[in-house]
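One structure is given below, encoded as structure tokens.
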Amino acid sequence: MKTNLVLTQPQNKIAALGFMWNMLHDPLHTLTELACEKGDIARVKLCRQELFLLNHPEFIEQVLVKQQENFIKRTSEQHTQIILGEGLLTSEGKENLAQHRIFQSAFHRQRMEEYLPAINENTFAHVSKWQTGARVDVSTEMIRLTLYISLWLFFGCVTEGTLERFSKSMPTLTRLFPLAPLPNTVHKLFPKFIQARADLHQVAESLLKNSQTEGKGILISLLKENNNGQFTNEQIHAYALTFLLAGHEKTALLLTWCWDMLAHHPQVQEKLQAETDRVIGNRFPTMEEIQNLPYTNRVVKETLRMRPPVWAIGRQALKDCEIGGQHIPKNSTVIVSQWVTHHDARFYDAPYQFLPERWENLEKLPRYAFFPFGGGSRTCNAEHLAMTEVIVILTMIARRWNVSPTQVEPATPTPGVTLRTNKNVKLIVGRRDV
Ligand code: HEM
């Protein structure tokens, strides 16, 4: 494959400020432009630091896999530690590897069979309540459903008021997240931030207590299976928070984007329904059936390509290194962006069109031209769980409901910590006659 390698010269201060401004206001467009103008490695000099955007799959693999020991998560991402404590999302090095090993066993493909009943039952209970002709706020519905499933799976219970307290504290924490790295004296000026953080910790504590008393949930099994006294109370608490926060929002976002796409592409919706009717019908799906839904899989992959919930990954260089002939100085920031690479016309024809069929002919796609779950030692260890959940929820809704849009255009991607919709996606649902 031809590698388009164009190194940019360090820019002047005004250009650097302009770049920062554009990044704050429209990061998707800014990164895409940078990649188009500068090629596979774009270099921007920002005051004292350098930033590199790497756009070629081979270079992405270097950062995430082959040279992973040269990079750590960006400091801004580590600031989540102030909210989460030392859990899997925030640890580094040997500590992170050890935690990954422990968690991998819980999220292994073979364990999905155990988790399927909770996913099936919660989804059925949830979508059976919809009324034909109703305008459903899919964004809110998917968040509630995936949170409910997470609570059942990870903690084996939903304690009273959990959903409400959690749903109240999360928007405040997300909005005020930039405060996290600032000292406690500054936090005190924002009582809402302190309150939301305290609420979140209380929710985790009450879930943990209940789960320990009942002896149910993935978290408790993990602690039992691996507890040779190596977990402190703080670590257990941090794990509980990681489970609460790490995944359900991304899973909900992916589902919301899928439904937005399906509502605006009725032929795709019909094909997905036909496959669901044929393979699963009115029963709850088995793991075997879930793995036998090629078209549904393509729809999910195409949505992950066009609307990756994690749209960019940032790393900081621990030491001087070299990628694709480019010297990367210690402390530089390196960005690899799913958004940019998943829309690269070298790998995808008509990259801005939603075409699930394209996945029939993409066997030769370079490994890191598609990396919605990251890669290397920090890869998402819950990929199988997320995919199982998404397929069950999609097929269970598709079997029972037709969805149609309330807006002419699909939602606009809005990047924050994750790739959200610019406003909540609302769709009209109609009961299928099956
Ligand atoms: C569609 C859903 C999801 C997507 C697209 C997604 C994507 C990702 C990506 C790209 C990373 C790597 C970040 C990096 O390299 O810096 C990651 C890490 C992680 N994900 Fe997911 N994820 C999803 C669902 C979940 C779920 C359901 C969980 C459940 C707990 C989860 C737990 C984690 C954890 C703990 C990490 C951190 C691993 C580490 O830093 O060592 N994810 N995820």
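Every read-out reported here was derived from the displayed coordinates using simple, explicitly stated rules and does not represent laboratory data. Bear in mind the structure is a predicted one, so any value in this text is a computation, not a measurement. Heads up, the Cβs are rebuilt from the backbone with ideal geometry, glycines too, and the neighbour counts pull from every protein chain shown.
Between rounded, prolate and oblate, where does region 205-291 land on the alpha carbon gyration tensor, with a ≥ b ≥ c its root eigenvalues, rounded for a/c under 1.5, else prolate if a/b exceeds b/c? Prolate.
Considering only GluC sites (Glu not before Pro) in DSSP loops that have at most 14 other Cβ atoms within 10 Å, the longest stretch of the chain without any of them is 161-362. Reported to the nearest whole Å, the Cα centre-to-centre distance from region 360-413 to region 185-240 is 29. Could you work out the local net charge near Ile143, counting Lys and Arg as +1, Asp and Glu as -1, over the other residues with Cβ closer than 10 Å to its Cβ? With Lys, Arg at +1 and Asp, Glu at -1, the neighbours total -2.
Could you grab the relative contact order for the chain? Cα pairs under 8 Å, six or more apart, rounded to a whole percent.
25
Counting neighbouring beta carbons within 10 Å and listing from fewest to most, the residues Asp344, Asp260 come out as Asp344, Asp260. Considering only alpha-carbon pairs that sit under 8 angstrom and 6 or more positions apart, the relative contact order computed for region 326-423 is 14 percent. Mind giving me the nanometre distance, one decimal, between the label points for Gln353 and Gln104, set 7 Å out from Cα along Cα→Cβ? For the pair Gln353/Gln104, the computed spacing is 4.1 nm.
Determine the shape class of the chain: with a ≥ b ≥ c the square roots of the Cα gyration tensor eigenvalues, call it rounded for a/c under 1.5, and otherwise prolate if a/b is greater than b/c, oblate otherwise. Verdict is oblate for the chain. Exposure proxy shown here: for Trp257, Trp311, the number of other Cβ atoms within 10 Å sets the order, fewest to most, as Trp311, Trp257.
Using 0.36 nm per residue and subtracting the Cα-Cα separation, the extra length available between Ser167 and Ile14 on full extension is 50.9 nm. Work out which trypsin sites (Lys or Arg not before Pro) in the chain are exposed loop sites (DSSP not H, G, I, E or B, at most 12 other Cβ within 10 Å) and give the longest gap free of them. Maximal segment without exposed cleavage sites: 189-282. Provide the gained length on full extension for the span Ala125 to Thr185, in nm with one decimal, where the gain is 0.36 nm per separating residue minus the Cα-Cα distance. Separation in residues times 0.36 nm, less the Cα-Cα distance, equals 17.0 nm. From its DSSP helices (H runs of at least four residues, each -39,500 (n - 2.57)), the chain gives a residue-normalised ellipticity at 222 nm of -15500 deg cm²/dmol. If the segment from Asp137 to Glu214 were pulled out straight at 0.36 nm per residue, it would be longer than the present Cα-Cα gap by 24.3 nm.
Is the shape of region 238-288 rounded, prolate or oblate, going by the alpha carbon gyration tensor and its root eigenvalues a ≥ b ≥ c, with a/c under 1.5 for rounded and a/b larger than b/c for prolate? Since a/c reaches 1.5 but b/c is at least a/b, the shape of region 238-288 is classed as oblate.
Provide the net charge surrounding Lys38, with neighbours chosen by a C-beta distance below 14 Å and charges set as Lys +1, Arg +1, Asp -1, Glu -1.
Net of charged neighbours comes to -3.
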